[in-house]
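What follows is a single structure, written as structure tokens, with notes after it.
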Amino acid sequence: MELTRKDRRIVTGVWLLSIIVLWELLSAFLLYVVQDNMASSKLPFPHDVLMTFISEWQTLLVAGIVTLSRAGLGFTIGGLIGITLAVIMSLSKVAEKIAFPYLIVSQMIPVLGLAPIIFNIVRDMNMSRIVIAAYITFFPVAVNMLSGFKSVEEEKKELMRSIAANRVDIYLKLMFPYSLPYLFTGLKIAAPMAVTASILVDMLGSKSGIGVKILYSLYSSSFDIFWASVFTSAFMGILSYNIVIFAERLMIPWKNVTTTKVGDK
């Protein structure tokens, strides 16, 4: 039985409420039963974190925008690079055989190890955020887009050629529309990862960004701000993922037609 959107929202709300109640109980257990002196740092009360959000929302918002904007720019650049690589590899088997192993090897380098190298090259923290976010993004986009190109049946390509369609027309009218679901799969994977990578770069010595808030709050033992910053980071990742989903619904409106009809019955 297919759940409607309203039902899914209700289920999600119940789960969130259950998690908050359980968290509150665990925090009380650590503080009052176990009497752990570090209870506030290990698992603070949700209402304390909420009060920190309310009192520090402006600084958290500014820091979040700094990190998210750089991650978004790098995400866009990485997506375009990934699409370009997928097109090149789909046009030439030789290019795919040469490039694909190097693409895989490039992803073996951990972001924490690559970020200082990038910073030493570009000597700019904002540019480092953008480059790292692009680096995180291009691989899943390229791989998924290439899979989409390969999934197009040869008969459909032959039909396009039979009506004198050139290669550009085949890609624009057949290959790209057919591969859009694959593209958005890669984008949904990459979006939260790009935000996470940008936060990691913040911690390398940036003067602004949500990663800086996390790092400084740890150094100053401001655990309420630390947890508020962590949840702000989580919200940024969720936001980036949902922005991609929204774009997917705009560009692939036919994908959810069947699901919507079944769910509305």
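Structure notes:
- Paramagnetic label reach from Trp254 (point 7 Å along Cα→Cβ; backbone nitrogen cut-off under 15 Å): within region 138-156, residues 152-153, 156.
- Helix 5-28 and the longest principal axis of the Cα set of the chain meet at an angle near 30°.
- Label-reachable residues, region 125-162, where backbone N falls under 20 Å from a point 7 Å from Ile104's Cα toward its Cβ: 136-151
- Subset of Lys93/Lys173; Lys97/Lys157; Lys6/Lys173; Lys157/Lys188; Lys93/Lys157 violating a 26 Å alpha-carbon distance limit: Lys6/Lys173; Lys157/Lys188
- Charge dipole (Cα centre; +1 on Lys/Arg Cβ, -1 on Asp/Glu Cβ; no other charges) of the chain amounts to roughly 720 debye.
- Listed residues Ala95, Asn120, Leu146: farthest to the positive end of the dipole of region 81-154 (Cβ charges): Asn120
- Here is how the number arises for the chain: DSSP H runs of 4 or more residues each give -39500 (n - 2.57), the sum is divided by the residue count, and the result at 222 nm is -27000 deg cm²/dmol.
- Packing-based exposure ordering (other Cβ within 10 Å, fewest first) of Phe29, Phe139, Phe75: Phe29, Phe139, Phe75
- Nearest 10 degrees, 0 to 90: helix 111-122 Cα axis against the chain principal axis: 80
- The charge dipole of region 111-265, taken about its Cα centre with unit charges on the Cβ atoms of Lys, Arg (+1), Asp and Glu (-1) only, comes to about 200 debye.
- Built from the Cα atoms of the chain, the convex hull projects on average onto 18.9 nm², one quarter of its surface area.
- Alpha-carbon radius of gyration plus Dmax, which is the widest Cα pair, for region 1-43 in Å: 15.8, 49
- Gap separating the Cα centres of region 29-62 and region 211-237, nearest whole Å: 11
- Here the residues Leu218, Leu174, ranked from fewest to most Cβ neighbours within 10 Å of their Cβ, fall in the order Leu218, Leu174.
- Part-to-part distance (alpha-carbon centres) for region 129-161 and region 76-119, which is given in Å: 12
- A simple packing score, the average count of other Cβ atoms within 10 Å per residue, orders the peptides 10-18, 228-236, 39-47 as 228-236, 39-47, 10-18, with the highest score first.
- Label-to-label distance, nm, for residues given as Lys173 and Val33 (7 Å Cα→Cβ offset): 6.9
- Relative to the dominant Cα principal axis of the chain, helix 210-219 is inclined by about 30°.
- Where trypsin sites (Lys or Arg not before Pro) fall in DSSP loop in region 170-223, at most 10 other Cβ within 10 Å: Lys207
- Charge dipole (region 44-263, unit charges on Cβ, about Cα centre) - positive-most of Met160, Ser233, Ala191: Met160
Just so you know, all these numbers are worked out from the coordinates, no wet-lab data involved. Nothing here was measured: the structure is a model prediction, and the numbers come from that model. No Cβ is skipped: glycine too gets one built from the backbone with ideal geometry, and neighbour counts run over all protein chains shown.
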